[in-house]
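Visitor: Take this structure first; my questions come after.
Where a number appears in this text, it was derived from the coordinates with a stated rule and is not lab data. Computed from a predicted model, the values in this text were never measured in an experiment. All Cβ positions, even for glycine, are placed from backbone atoms using ideal geometry, and neighbour counts span all protein chains on display.
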Amino acid sequence: MSNKEDNDLLGDQLDQEYSGEQSTNSEKADALEGELVINGLTVEEEREFRVINRSFSLAEYSNSFTKIQWLLFIEIYETVKQFYLDRDDQYVESFSMESIIIRVPVNKIDSKLFDPSNRSKQLRDAAEGLMDMRVRNYIGPNKQGQMGFDFISMFPRITYNPTDDKDHIIVKVQSEIYEEMVPIQSYAQLDLKLLEALTTGNAQRLYAIFKSYAFKPKFTISFESLRRQMGFFESNTYPQWKYFNSQVLKPAVEQINKHKKYDIAVTYEKPRGKDEVVFKITNFSKQRNRYAEVLSLNEVIDAKTRIPNRLQRRYLQTTLKNCSKNVTITNLEELMSWIISDIISMQRKVGLKFDFKHAVNSISKQILNRIYTEPFSHQHLLETSGNANSIKVALADEFIQREISRLEKKGLYDEIRLRFTDQELIANRYQYLVDQFNEDDS
């Protein structure tokens, strides 16, 4: 069997073993019903909540996207969002500390946009356009007036190999990007498909700025900041308000207002003598205060169900797949059980300071070095009543170990408490269950 087949099988096993019947947040954050059509584009009548970050602005990406590039980006964004909102992960290939790799279905791109005789080149050109996308963060100035910068490439690798898979484009998204695409504490509304309908880069940039302010009815921004966010700071163009207003801002606002039937209407003014612009936004779309809960890797795993959330499960899957490339893993089910036991134990001990990535990466190093032979949480033996080793020899029992393990996987903790004494649990390397039971009683 090939390495790829081995890894696919490993992932399937992990999915079956640890998907469980976990409750998802999708019930709290369903897609809203009701659609309108703008120039052949589907637009939600009531925009659903999408999670964004003000510094992660579409204004930084491009002012010359083709429709194919926009639709590719929309699918990438949607896949990441659906994953973090616990709705779907079918297109998530892997999820690690460095990146998330996703599969974009080619058939989700409107077939009318393709020239049948030139489809491959159009896909390639669209992918190259996405490869040029980057987030630009400017730093400073310092005391000497020097400006700093921090540029992040969004998609360092995009692959389409029709021989292996003609139906999907494989996209690698940097961790700095996917974490900013869906940060945990910042909620606003964004409709990428309506944004795609705007035909000029300036209108797209300006709409993205409104988006970053959560479409507040009124907000004030400095002229320099507005000019920077619309992409004219670096090239030092339109430094004077008069020309910036007539050539950039006014035409962009007029184009956005053409779509006010479906979205927003904008007015603005620059107070005399002040270096700031005041925007007023009227929102025509129905806004629903919809609850949205974003998953976190550091979310506490329920000690009774022992089921990690979707992000945690994918992270563990990717970690073990990577480990299996260098180490033969024959005891997958037991290994996963050990890891989950350790994570639960560490979460209980460390509390809010627990770092899931750090913990799992430490365990993966142990696996690769072939020294992760038992879970750390099982290394607790009775030390307060006599000699620990003698108690272990006297009470350890292979049948008891298997039975406790079986009951634990089913979450039958009450039955464990009834059938086994604390000494039996401790001697058979289940001290952490004793600790858990004692905490529950206190």
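Visitor: List the residues whose amide H sits under 5 Å from the amide H of SER94, counting only those 5 or more places along or on another chain, with H placed 1.01 Å from N in the peptide plane.
Guide: Residues meeting the amide H criterion: ILE101.
Visitor: With θ taken as phi - 60° and the coefficients 6.51, -1.76 and 1.60, list the Karplus ³J(HN,Hα) couplings across the stretch 335-341 in order, rounded to whole Hz; mark glycine and proline as x.
Guide: Each residue of the stretch 335-341 in turn: 4, 4, 4, 4, 4, 5, 4 Hz.
Visitor: Quickly work out the LYS121-to-LYS67 label distance, labels modelled 7 Å from Cα along the C-beta direction, and quote it in nm with one decimal.
Guide: Using points 7 Å along Cα→Cβ, the separation is 1.9 nm.
Visitor: Could you list which residues have their amide H under 5 Å from that of GLU276, counting only those 5 or more apart in sequence or on another chain, with H placed in the peptide plane?
Guide: The answer is PHE223.
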